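The values are calculated or read from the model by the stated rules, or taken from the named source; none is laboratory data. It should be emphasised that the depicted structure is a prediction, and the values quoted were computed from it without experimental measurement. No Cβ is skipped: glycine too gets one built from the backbone with ideal geometry, and neighbour counts run over all protein chains shown.
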4 protein chains.
Amino acid sequence: MKKNTTPVYYGDYLHLDKILSAQELQSEKYATAAHEETLFIIVHQVYELWFKQMLHELNTVLDVFTQEAVEDHQLSTVVHRLNRVIKIQKLLNDQISVMETMTPQEFLSFRDYLVPASGFQSIQFKMLEIKLGLKTQYRIDFDKQSFYQRLEPKDREFLQNMETKNSLFEMVNDWLERLPLLDFEDFKFWHLYEKATQEMLQSDREIIQQNETLTDEEKHKELTELGKTEASFNAIFDEAGYHTLLQEGHFRLSQKALMSALFIHQYCEEPVFNLPFQFLTCLTEIDENLTLWRYRHAMMVQRMLGTKIGTGGSSGHDYLKKTTESNRIFKDFFNMSTFLLPKEVLPALPVNVKKNLGFSLSSV
Amino acid sequence: MKKNTTPVYYGDYLHLDKILSAQELQSEKYATAAHEETLFIIVHQVYELWFKQMLHELNTVLDVFTQEAVEDHQLSTVVHRLNRVIKIQKLLNDQISVMETMTPQEFLSFRDYLVPASGFQSIQFKMLEIKLGLKTQYRIDFDKQSFYQRLEPKDREFLQNMETKNSLFEMVNDWLERLPLLDFEDFKFWHLYEKATQEMLQSDREIIQQNETLTDEEKHKELTELGKTEASFNAIFDEAGYHTLLQEGHFRLSQKALMSALFIHQYCEEPVFNLPFQFLTCLTEIDENLTLWRYRHAMMVQRMLGTKIGTGGSSGHDYLKKTTESNRIFKDFFNMSTFLLPKEVLPALPVNVKKNLGFSLSSV
Amino acid sequence: MKKNTTPVYYGDYLHLDKILSAQELQSEKYATAAHEETLFIIVHQVYELWFKQMLHELNTVLDVFTQEAVEDHQLSTVVHRLNRVIKIQKLLNDQISVMETMTPQEFLSFRDYLVPASGFQSIQFKMLEIKLGLKTQYRIDFDKQSFYQRLEPKDREFLQNMETKNSLFEMVNDWLERLPLLDFEDFKFWHLYEKATQEMLQSDREIIQQNETLTDEEKHKELTELGKTEASFNAIFDEAGYHTLLQEGHFRLSQKALMSALFIHQYCEEPVFNLPFQFLTCLTEIDENLTLWRYRHAMMVQRMLGTKIGTGGSSGHDYLKKTTESNRIFKDFFNMSTFLLPKEVLPALPVNVKKNLGFSLSSV
Amino acid sequence: MKKNTTPVYYGDYLHLDKILSAQELQSEKYATAAHEETLFIIVHQVYELWFKQMLHELNTVLDVFTQEAVEDHQLSTVVHRLNRVIKIQKLLNDQISVMETMTPQEFLSFRDYLVPASGFQSIQFKMLEIKLGLKTQYRIDFDKQSFYQRLEPKDREFLQNMETKNSLFEMVNDWLERLPLLDFEDFKFWHLYEKATQEMLQSDREIIQQNETLTDEEKHKELTELGKTEASFNAIFDEAGYHTLLQEGHFRLSQKALMSALFIHQYCEEPVFNLPFQFLTCLTEIDENLTLWRYRHAMMVQRMLGTKIGTGGSSGHDYLKKTTESNRIFKDFFNMSTFLLPKEVLPALPVNVKKNLGFSLSSV
């Protein structure tokens, strides 16, 4: 291994000249420096540095799934890097507590000088969303209109171009479809599965009907909910029915991809599914942390502004609250439990199926 | 100081015989022991121990506010103990990550044996809610009906009796009303305040109108929101108008209490307001952490059950999601920023006002 | 799947009658109740509940390694459960912040009534240590004498009996020895490894010698350190030399086990090593978290007592500080980096070696 | 309040052009880019941004204490800002978990290219230490020699100049000395205190002597420790004795300052001491978090390098481990509990003393 020929000095290596001279206060231009504006700037700069790191990891994950076959050792690297993304997300969530040391009154001392800048103008955050799979058509209505509104033309074009590329969601969907989990000659898994779910739903129906602590109204409501769950189950085996629910936004994954993901979740303890299961779990956690971040961020904004408008001219907290629930990317993994069966009622994987899987998975 | 006459042994002192023999698995009664049921039980037992500690702190806080006058050194103790409650809440929130190490499939191995037990049957959690101020009339509709539904008669009566007592919310409202912050002979604070807010709102209106990145539709929406904020401001000075908004659930504090709280927030850096401000901030954080806990808990339940029913026979996550936003107790403090002015435009507190306050506050 | 025949009620299921009646204050017996004694008791009871859960997980891990062969799907379960232990440890570490809300003065109000109880009497914590592998001979000198001193005879016997059983450390050592990683017919890994390390050490020597920012004294010191590292490297290939270092406490794993662990670390990205590497990493983290817990605990005790004696009659913080560094169990994994080579200089695993490994590993 | 005349755009405001172009990989210059070098750079850049924020807060705190009199409302601001520093420190500590997602092997891929850069060259971190009060004479021996060794001349001069200025430690010492807490005409506090401590020490002696679970050797050791504590107590009242202990490094605060700090701790619930007590507690926590950061950092370095040398040419973990214990700044507050009495045995503050204090404190 070669060595560097020029000695390295800490501050030069990190370009601290750039990093530490990038805090320029707006308040100083129009009045005296507002003490907390420095915090406001630094908090956002740290966010952007972490966003850059998350994109750095995500890009290599996308590279892996762009290839025709995903090797096991690549999946190992993918899981390793997504776990890093998750650790960074936890830090981002905790970082809100630092921002919250700024009182609303302190924020008011410089808020007006920032108009119309807004966190919605963070290009890197939008890149993260798009690359993960939150493209325009999946955004909530309000968001569809305003997503590109606030950006300068060059940024808008850059992101709109990015929307035309395959996202991680789409690549994962394709990869799941390619996995050979749906047909086994002698192993009638899906037939057994269908039978087991019917029994489970019937059992749930009885639990509700026999629960004396529920009012009639509540029972009625619960039975209606159960009916919907039953419809979801039926849809797994019915292409047309599934397609309808997909159109209605009930699912995002294709039927085939959902079935593969379900199979992996059911048999997650099988060594051959160890890495695929870790991978799907990482995606679920990343989505969950993103949702949690939006929620905590919305609470912080509300506490900071009340119903006052933000610097971008809109009362951001309303918007953020709406996006919290709706802008999920991998929600099908999040809802996967709906379709899960207890390990006890699952048919054991036959030896020849296991063997085939071991071989097949590493070649897709 | 006396000493104990009988030597103390660690395990006896902590009654570990009771604590460590209290994990009785349901799964073991009907099948083989489900490994994760132990985790499920212990997680909930730890929750209940912390709830007991939180009630222990809360009870002494209620005792202080039951008295006619609250001394400053008592407020010092109150803040100290509420900060302890906040630290415990953070732990409770982080504890969800331990529960999340149980996969949905592992939960299914014993879920059916727990019917119809439910976390909604935690008496201590309901005590916390009621004592803080979340009485039946403030609950969301669905919650009003079902809150007592699932409980055994003795527990129901116990809690219903508790609802007739004064909650912390009510006591704080009274205490704020008693503070002599609204009339000062020579200092026309509220008059100046009214004038300053008019100017601020006018300025906000201009920010919206001149923002070229907003569509007409968005501008219209923002101006409507601003109109509502303006109505809130006006209500502060208009007893009848305030009363209407209070009836509609827009406010919970009385007009007088809200004005006192606002005054404390505006002048929070004055030493005389140091403890009162810390106290109100604690209440806001406790409410925020409670909300965050409900939200994270709801996400965890969804991940665990999907749209399946819980052990209590209802799909808990829907319910929890609803309570997240609605069941706020001290939401007026949370929204206080709506009415805040930047420090720069506030009139300085006259010396004689400060002096009077120093004297008056310690005698209420 | 069967269902329960008797309805379950939350409070009965969790035995809250036992759990919530187990807080008996010593201060109340001799004076008035000290408010913070409740916190003190509950914090320790929560610790004990988590210890029970950790032991519950650890016991099943020990069961797996007691068997002659460890199947891959069992390793999957082991990693899953050890990750749960790690999450619990993080909670235990954060829990110290709750204890720290008790001021030293508040502790003094009841400290004298607890004599001579001590946290060193926690049987479950000692069980954890012993089962992980911290047996008497590996404890620091002071600890060797006092470990059993404070216990009642039945507790002492119980733990001494446990010391005669195989610990996780010993089982892991055996399992590593059994792995077929040291001899491959055509692949002279260890020969190549020896050559590569010689080059690396030579390169490190040059880095030190050419570093102009180091004083002569520092250079001398660093070169001496490098000499020790070189001796460690040489010992890997020299049975007698290794044995000497093992006797001196420099290593704990056997030479063969260390070499296997090193091989796994070097090729951790190979799918066949994915679970073994996760497993070794879990053990390292558990050890690190235990160390961190002791350190934070020692700081908390110092802050609480200064140089005063604790309830057990000894100034606990001195003791704790000593144990921090010394009582490591899996320190060889922690120090593994000493022997690691960059991926770039590693010889690629030949295909037939990979194939053999895939087969061999699942059969040991 | 004026408004900005030029519209602000998020990316321009935060100078993201500088921030996001400051990641220049060394590995790329000599070989192919090492994936994890980006993480390494960004983690350190985030550290430096937070250091800048901490210095920003610390500088205003120093400004306050440079003045002749510290007003109460200034102390309120000081406490608010130091609490922000503490929140940032918690984030810095948690950030280590992100760095730990880099495996030792990944680090080896670019380590050699960074020679001889080292974290010890962080000027901002050294500024923090010096401004808090960790000047050369208080550093441990090894540190005294090497602290300035690795720096470029201009950085060395800059820091050496800073050492000639008053640090926060010195300013706090002066402020404590100025507080009028040591002489009250009719209130013989220190006399009563001396009597109470004698009784407490005698009681502790009996606890040790009567403890049957201690060996004779342990008893001897404990009694020796108690003797030292007794000597510390005596020193408080004995100028010459105190001076000796101060010279030996047993204390850092002057005798008078220590007595004032002790008085504040004893009566921390008095409203007049509310802010001073919060202030001293903040300083203790900042010191504790700094220590914890060094410790966690040292563990991380050991895990990353084992006994290999770091990029700066020295095996950093040894050094770090040493600094952990020794480089305390406010250790006298940390050890304050040694001298604390339970609230129950303290004489009540007479009314006229309280009144005088209220007046006097705000004028110092």
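Condition test on C:E212, is it within 7 Å of chain D (Cβ to nearest Cβ) and either touching an Asp or Glu at 6+ places or on another chain (Cβ under 9 Å) or at pLDDT below 85 (or both)?
Answer is no for this residue.
Give the stretch A:186-213 a look and list any residue that's in contact (Cβ under 8 Å) with a residue 40 or more places away in the chain and hydroxyl-bearing (S, T, Y), or say none.
If the condition is that a residue be in contact (Cβ under 8 Å) with a residue 40 or more places away in the chain and hydroxyl-bearing (S, T, Y), then A:Y193, A:T197 are the ones that fit.
Go over the candidates B:Q145, B:Q137 one by one and state the one that is more than 9 Å from every other protein chain (Cβ to nearest Cβ), at pLDDT below 95 and out of contact with any helix residue (DSSP H, G or I) (no Cβ under 7 Å at 6 or more places or on another chain).
Only one candidate passes the filter, namely B:Q137.
Looking only at the stretch D:331-340, decide whether some residue is in a helix (DSSP H, G or I), on the phi < 0 side of the Ramachandran plot, under 22 Å from the mean Cα position of the chain (by Cα) and modelled with pLDDT under 80.
Scanning the stretch D:331-340, I find no residue that is in a helix (DSSP H, G or I), on the phi < 0 side of the Ramachandran plot, under 22 Å from the mean Cα position of the chain (by Cα) and modelled with pLDDT under 80, so the answer is no.
From the set of residues in the stretch A:81-106 that are within 14 Å of chain C (Cβ to nearest Cβ) and among the polar types (S, T, N, Q), which is nearest to B:H265 (Cα to Cα)?
Ranking the candidates gives A:S97 first.
For B:T103, only one of the following conditions fails: (1) out of contact with any helix residue (DSSP H, G or I) (no Cβ under 6 Å at 6 or more places or on another chain); (2) surrounded by fewer than 19 Cβ atoms within 10 Å (Cβ to Cβ); (3) of a type in the set (V, I, T). What is its number?
(2)
Taking the condition of being closer than 22 Å to A:V272 by Cα and at pLDDT 95 or above, how many residues in the stretch A:63-78 meet it?
3
Identify, from the list A:K3, A:K29, the residue that is among the basic types (K, R) and either closer than 14 Å to D:I42 by Cα or in contact (Cβ under 8 Å) with a residue 12 or more places away in the chain (or both).
Answer to the selection: A:K29.
How many residues, within the stretch A:282-312, are free of Cβ contacts under 8 Å to residues at least 24 places away in the same chain and β-branched (V, I, T)?
3
Among C:E239, C:E225, C:E170, which is over 30 Å from C:Q67 (Cα atoms) and either of a type in the set (D, E) or in contact with a strand residue (DSSP E or B) (Cβ under 9 Å, 6 or more places away or on another chain) (or both)?
Only one candidate qualifies: C:E225.
Within the stretch B:214-255, how many residues turn out to be in a helix (DSSP H, G or I), free of Cβ contacts under 8 Å to residues at least 60 places away in the same chain and of a type outside the set (F, W, Y)?
So the count comes out to 26.
Filter the stretch C:51-80 down to residues that are facing another protein chain (nearest Cβ under 7 Å) and under 17 Å from B:M99 (Cα atoms) and give me whichever is farthest from the chain's Cα centre (by Cα).
Taking the candidates together, the pick is C:T77.
Quick one: which of D:D287, D:D318 is modelled with pLDDT of 90 or more, of a type in the set (D, E) and either touching a strand residue (DSSP E or B) at 6+ places or on another chain (Cβ under 6 Å) or part of a helix (DSSP H, G or I) (or both)?
Step by step, each of D:D287, D:D318 is checked, and only D:D287 is modelled with pLDDT of 90 or more, of a type in the set (D, E) and either touching a strand residue (DSSP E or B) at 6+ places or on another chain (Cβ under 6 Å) or part of a helix (DSSP H, G or I) (or both).
Of the residues in the stretch B:87-100, how many are more than 11 Å from B:V43 (Cβ to Cβ), surrounded by fewer than 20 Cβ atoms within 10 Å (Cβ to Cβ) and of a type outside the set (S, T, N, Q)?
Counting residues in the stretch B:87-100 that are more than 11 Å from B:V43 (Cβ to Cβ), surrounded by fewer than 20 Cβ atoms within 10 Å (Cβ to Cβ) and of a type outside the set (S, T, N, Q) gives 4.
Starting from residues that are assigned to a helix (DSSP H, G or I) and not small (G, A, S), keep the ones in the stretch A:109-123 and report whichever is modelled with the lowest pLDDT.
Here the residue is A:F120.
So that you can scan it fast, the table gives a plain yes or no per residue for (1) over 19 Å from B:I42 (Cβ atoms); (2) crowded, with 22+ Cβ neighbours inside 10 Å; (3) not polar (S, T, N, Q):
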position	(1), (2), (3)
B:Q124	no, no, no
B:M127	yes, no, yes
B:T136	yes, no, no
B:E152	yes, no, yes
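Give the residue that is modelled with the highest pLDDT, with candidates limited to residues of the stretch A:290-315 that are surrounded by fewer than 22 Cβ atoms within 10 Å (Cβ to Cβ) and of a type in the set (S, T, Y).
Residue satisfying both the conditions and the ranking: A:T291.
Restrict the check to the stretch A:160-167 and report whether at least one residue is assigned to a helix (DSSP H, G or I) and either surrounded by 18 or more Cβ atoms within 10 Å (Cβ to Cβ) or among the hydrophobic types (A, V, I, L, M, F, W, C) (or both).
Yes, the stretch A:160-167 has at least one match.
Among the listed residues B:E194, B:E185, B:E199, identify the single one that is surrounded by fewer than 16 Cβ atoms within 10 Å (Cβ to Cβ), within 14 Å of another protein chain (Cβ to nearest Cβ) and either modelled with pLDDT under 85 or out of contact with any helix residue (DSSP H, G or I) (no Cβ under 7 Å at 6 or more places or on another chain) (or both).
B:E199
Among the residues of the stretch D:6-45, count how many are under 19 Å from D:I96 (Cβ atoms), more than 7 Å from chain A (Cβ to nearest Cβ) and in a helix (DSSP H, G or I).
Residues meeting the conditions: 3.
Check whether at least one residue in the stretch C:230-242 is modelled with pLDDT of 90 or more and either crowded, with 21+ Cβ neighbours inside 10 Å or closer than 30 Å to D:G227 by Cα (or both), and report yes or no.
Yes, some residue in the stretch C:230-242 is modelled with pLDDT of 90 or more and either crowded, with 21+ Cβ neighbours inside 10 Å or closer than 30 Å to D:G227 by Cα (or both).
Within the group B:E48, B:E106, B:E129, which residue is farther than 30 Å from C:A34 by Cα, in a helix (DSSP H, G or I) and among the charged types (D, E, K, R)?
Only one candidate qualifies: B:E106.
Applying the selection to the stretch C:1-23, what residues are touching a Leu at 6+ places or on another chain (Cβ under 9 Å) and closer than 30 Å to D:K343 by Cα?
Scanning the stretch C:1-23 gives C:L20, C:A22, C:Q23.
Output the qualifying pairs, or none if there are none: Cβ atoms under 7 angstrom, residues six or more apart or on different chains, first residue in the stretch A:109-124 and more than 7 Å from every other protein chain (Cβ to nearest Cβ), second residue among the small types (G, A, S).
Correct list of pairs: A:F110/A:S27; A:F110/A:A34; A:F120/A:G312.
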